[in-house]
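Next up is a structure, given as structure tokens.
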Amino acid sequence: MKIKHHQIVLLAITICAVAACTKMDSSYKEFIVPGGLTYAGRVTKPVVQSGRERIRISWLRGADANVKLARIYWNNYADSVSVPIPASGDTISVIIDHLEERPYTFIARTFDDKGNKSVDVELLGETYGPKYQSLLVTRPVVQSENMGTNLLITWSNANKTGGAYVTEVEYINTANVVTVKRFGVDEVSSAISDYKPGSTYRYRTEYRPGASIDPFYTGYTSLIVSSKIPKSGLVVTADSFAATSQLANGGGPAKFAFDDDLNTFWHTHHTPAPVPVFPHWLAVDLQKTYNITRVELICRAGATGVTNSFTTFIIQGSMNGTTWTDYDTFTLIQKDEAQSFAPKNTAKMRFFRIYATAGPAVHTSLAEFTVYGYEAP
């Protein structure tokens, strides 16, 4: 009897639930469209690309062959543009011109041949213009040197987060033709093999923020290329030199550090006593006024692990050979390979001097030094 009673109660609950649902359906019946709603195929895989006061929006055509029109809205639906959808093709694209420089929110909606619309797709984009252009900075050049017909440019960091894309270099080639080459912002150094020696070049940086469809350029910067200052006919002097004691080893006079021969070297006075102590110096009259960009030093052969050269020195310059200006202080490593040293600022001078301030011994030596720069106007 108890089981039968439970079955009667369960039946009663089921009848009440069905009655309640029927009443609910009756209440919302007026909001149901017979047959349900039909939506057009919406914009698929959209891509928004920035531009110069314009935007390009592209998307895949999609599988709905009945879609005939798309409409792009912005400014809270106040502005819009219609885009006819062709019967064939994989990609739909539209460029919206004359947009104020600022971020935008676009709404993309499609319509089929029966007037059914799609679900809206929100798109974000940004246009660029004069305000952005005014903030662009040309990628700096650390140095540029002429090595025969090769122009070697060493770059500083580019503003990649700001949209820096490439740097263009315009130069005169060996056939006297103005030529342009483009170098990526990830390149630390760039080589141009057909550069006309002695000519100037100019460069600018191209920006493409957000994969912009339009390039933005900085102004051109012109540079004179530095090169190895010819050594022929130039006289080198020093605070002292070993007149006889080092000759058997290939060392002695100051000129040995400026002869492009690594088998010879300058050595300060060694014997007899007294032996001069630091500072020691080497100087050269360049015969013309130059803007000095760097100096290359090579220690005496077999320097690695040997204490036979100076360790710290100052690049100095003078216009009269008497009054000297300090430009920068450097550390020389005891090794056989050539070492390059560039002052922070280009140094203008006629007389160049290496002013050695310290070393492991009282005497010192140097196999070779080479000065790079270009004639000052």
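The values are calculated or read from the model by the stated rules, or taken from the named source; none is laboratory data. Just so it is clear, the structure is predicted and the values come from calculations on it, not from any experiment. Every residue, glycine among them, receives a Cβ derived from its backbone with ideal geometry; neighbour counts consider all protein chains shown. For accessibility, only protein heavy atoms count, side chains too; no ligands or nucleic acids. Shrake-Rupley method; radii C 1.70, N 1.55, O 1.52, S 1.80 Å.
Please work out which residue is farthest from Asp120 (Cα to Cα), limiting yourself to region 61-94 and to residues that are touching a Ser or Thr at 6+ places or on another chain (Cβ under 9 Å), in a strand (DSSP E or B) and open to solvent by 70 Å² or more (accessible area, probe 1.4 Å).
So, considering only residues that are touching a Ser or Thr at 6+ places or on another chain (Cβ under 9 Å), in a strand (DSSP E or B) and open to solvent by 70 Å² or more (accessible area, probe 1.4 Å), the one farthest from Asp120 (Cα to Cα) is Thr91.
For region 308-320: of the residues being assigned to a loop (DSSP other than H, G, I, E, B) and closer than 20 Å to Phe256 by Cβ, which is modelled with the highest pLDDT?
My answer is Phe310.
Related question: Which pairs have Cβ atoms under 7 Å, sit 6 or more apart or on different chains, and link a residue in region 178-196 that is over 13 Å from Leu151 (Cα atoms) and of a type in the set (A, V, I, L, M, F, W, C) to one that is assigned to a strand (DSSP E or B) and open to solvent by 80 Å² or more (accessible area, probe 1.4 Å)?
Taking only residues 6 or more apart or on different chains, the pairs are Val185/Tyr165.
Across region 214-246, what is the total count of residues that are under 30 Å from Arg202 (Cβ atoms), assigned to a loop (DSSP other than H, G, I, E, B) and open to solvent by 30 Å² or more (accessible area, probe 1.4 Å)?
Residues meeting the conditions: 4.
Can you tell me which residue within region 101-111, out of those that are open to solvent by 20 Å² or more (accessible area, probe 1.4 Å) and either in contact with a helix residue (DSSP H, G or I) (Cβ under 7 Å, 6 or more places away or on another chain) or part of a strand (DSSP E or B) (or both), is nearest to Ala87 (Cα to Cα)?
Of everything passing the filter in region 101-111, Phe111 is nearest to Ala87 (Cα to Cα).
Another question about this same structure. If Asp328 passes every condition in (1) part of a loop (DSSP other than H, G, I, E, B); (2) farther than 17 Å from Phe278 by Cα but one, which one does it miss?
For Asp328, the exception is condition (1).
Taking the conditions exactly as written (closer than 25 Å to Thr323 by Cα, without any contact (Cβ under 8 Å) to a residue 60 or more places away in the chain and of a type outside the set (S, T, N, Q)), does Lys228 satisfy them or not?
Spelling it out, it is not the case that Lys228 is closer than 25 Å to Thr323 by Cα, without any contact (Cβ under 8 Å) to a residue 60 or more places away in the chain and of a type outside the set (S, T, N, Q).
Condition first: within 20 Å of Phe241 (Cβ to Cβ) and surrounded by fewer than 16 Cβ atoms within 10 Å (Cβ to Cβ). Now tell me which residues in region 266-300 satisfy that.
Thr271, Pro272, Ala273, Pro274, Val275, Pro276, Val277, Asp285
Condition check ((1) closer than 23 Å to Gly252 by Cβ; (2) open to solvent by 60 Å² or more (accessible area, probe 1.4 Å); (3) out of contact with any strand residue (DSSP E or B) (no Cβ under 6 Å at 6 or more places or on another chain)) across all residues:
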residue	(1), (2), (3)
Thr311	yes, no, no
Asp328	no, no, no
Gln339	yes, no, no
Pro343	no, no, no
Arg353	yes, no, no
Pro360	yes, yes, yes
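Something else: Do any strands (runs of 3 or more DSSP E) entirely within region 131-206 hold 1 or more residues that are open to solvent by 30 Å² or more (accessible area, probe 1.4 Å) and charged (D, E, K, R), and if so, which?
So the answer is 164-172, 178-184.
To continue, here is another question. Restricting the search to region 112-127, which residues are among the β-branched types (Val, Ile, Thr) and either open to solvent by 30 Å² or more (accessible area, probe 1.4 Å) or closer than 27 Å to Pro215 by Cβ (or both)?
Val119, Thr127, listed by residue number.
Report the residue count in region 247-263 for those that are over 30 Å from Pro377 (Cα atoms), touching a residue at least 60 places away in the same chain (Cβ under 8 Å) and open to solvent by less than 20 Å² (accessible area, probe 1.4 Å).
1
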